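As structure tokens, the structure follows; a few thoughts come after it.
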Amino acid sequence: MVTRLYTHPIYLEHLMPAGHPERPDRLRALERALEAEAFERLDRHLSPMGDIETVLYAHPQSHVDKIRALIPSEGLASIDGDTTVSPKSLEAALTAVGAANAAVDDVFAGRADNVFVASRPPGHHAEKVTAMGFCLINHAAIAARHAQKAHGAERVAIVDWDVHHGNGTQDIFYDDPSVLYCSTHQMPLYPGTGAKSETGAGNIVNAPLNPGTGSETFREAFNARVLPALDEFRPDLIIISAGFDAHHRDPLAEINLTEDDFDWATGELMERAARHSNNRLVSLLEGGYDLQGLAFSAAVHIARLMKG
Ligand SMILES: [Zn+2]
């Protein structure tokens, strides 16, 4: 497998208040894990800046204008109790969009079988018109639309295994049967959405997990709900909203996954990508707030992408 990695130093310049879990050290920890010899053959690239026109695939111009108006010339400004912007935050978010779209271009052009984007801020809580939950712009949603508009993809699946429900992605595609959104997440937990009964146009598949559950329950939910939905949908591209905060060490949730579970889930999705999508798989970093849990899990995930 040819696996490409996008990242960029601008992601470290999206600053948060002291003690905030979504901090630049997350990417530094992952970067250190990827220095191991096993990752020498990763095809590493700097993320390009995203086009505003592609942001408008998922958000109205007013959403971007609102964020831009809040960006301070120095220090921090808060959007809500959890979500903060610093002078470079919009540039960082747009560079996450650029990398996600470039990753889609790469897998459709055959430059890579699969791609991991190590970026921040995350995106899956960003709704059409609301930045929230550490997220400003929904890069997974934009990448799905980009695959449809630029590459003629008819059906795109987004699988979100972040421990929080991706309310933003669900909001953006709620009435759009051309995009399948599948999520495993702890419930109850922020943001409160993600019940099984939220099914959209039949394209939303939520698999909520009880607090305190772990590997077995996660794999059961994946096997019972996510994988059959993918087989029925036959996507032209699979996008993973890859948060690693369902790891047992994570401080923001109570799901007890290990690195092995992320390795297993990656393998299952690669098998579906091989079956339906000509291997095309794009994985975008979302959450993960324990530095070791995040770095080790993401490294195992990327190693699996490389290995096939
Ligand atoms: Zn999360």
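The values are calculated or read from the model by the stated rules, or taken from the named source; none is laboratory data. Being a predicted model, the structure only gives us computed values, none of them experimental. Because the Cβ atoms are built from the backbone with ideal geometry, glycine has one as well, and the counts that use them run over all protein chains shown. What goes into the accessible areas is simple: the full protein's heavy atoms, side chains included, and nothing from ligands, DNA or RNA. Shrake-Rupley method; radii C 1.70, N 1.55, O 1.52, S 1.80 Å.
Okay, here's what the table says:
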read-out	value
Any hit, segment 148-155, residues being surrounded by 23 or more Cβ atoms within 10 Å (Cβ to Cβ), in contact (Cβ under 8 Å) with a residue 12 or more places away in the chain and on the phi < 0 side of the Ramachandran plot	no
Candidates A265, A295, filtered to the one that is at pLDDT 95 or above, in contact with a Leu (Cβ under 7 Å, 6 or more places away or on another chain) and closer than 28 Å to D25 by Cα	A295
Pairs where the first residue, in segment 253-279, is closer than 18 Å to G110 by Cα and the second is modelled with pLDDT of 95 or more and open to solvent by less than 10 Å² (accessible area, probe 1.4 Å), C-beta under 6 Å, 6+ apart	R272/L230; A273/I238; A273/L281; H276/P235; S277/P235; S277/L237; S277/I238; N279/A273
Count - residues of segment 280-300 that are crowded, with 24+ Cβ neighbours inside 10 Å and in contact with a Gly (Cβ under 9 Å, 6 or more places away or on another chain)	8
Residue satisfying all of: in segment 157-184; open to solvent by less than 10 Å² (accessible area, probe 1.4 Å), in contact (Cβ under 8 Å) with a residue 60 or more places away in the chain and not β-branched (V, I, T); nearest to the ligand (Cβ to nearest atom) among these	D162
Sole exception among (1) in a loop (DSSP other than H, G, I, E, B); (2) crowded, with 24+ Cβ neighbours inside 10 Å for D80, by number	(2)
Qualifying residue in segment 45-66 (condition: part of a loop (DSSP other than H, G, I, E, B) and β-branched (V, I, T))	no
Elements of type helices (runs of 4 or more DSSP H) in segment 218-308, at least 1 residues being within 16 Å of the ligand (Cβ to nearest atom) and not polar (S, T, N, Q)	259-276, 291-307
Residue list for segment 26-50, restricted to those being of a type in the set (D, E) and loosely packed, with under 13 Cβ neighbours inside 10 Å	E35, E37, E40
Meets criteria (more than 21 Å from L281 (Cα to Cα) and assigned to a helix (DSSP H, G or I)) for D171	yes
Complete set of residues in segment 1-15 that are touching a helix residue (DSSP H, G or I) at 6+ places or on another chain (Cβ under 8 Å) and free of Cβ contacts under 8 Å to residues at least 24 places away in the same chain	L12
Selected residue (only one of A103, A126, A93, A112 is in a loop (DSSP other than H, G, I, E, B), within 22 Å of H45 (Cβ to Cβ) and open to solvent by less than 10 Å² (accessible area, probe 1.4 Å))	A112
Residues of segment 188-199 classified as open to solvent by 30 Å² or more (accessible area, probe 1.4 Å) and closer than 19 Å to A224 by Cα, total	4
Residue list for segment 232-249, filter: under 21 Å from P211 (Cβ atoms) and open to solvent by 10 Å² or more (accessible area, probe 1.4 Å)	H248, R249
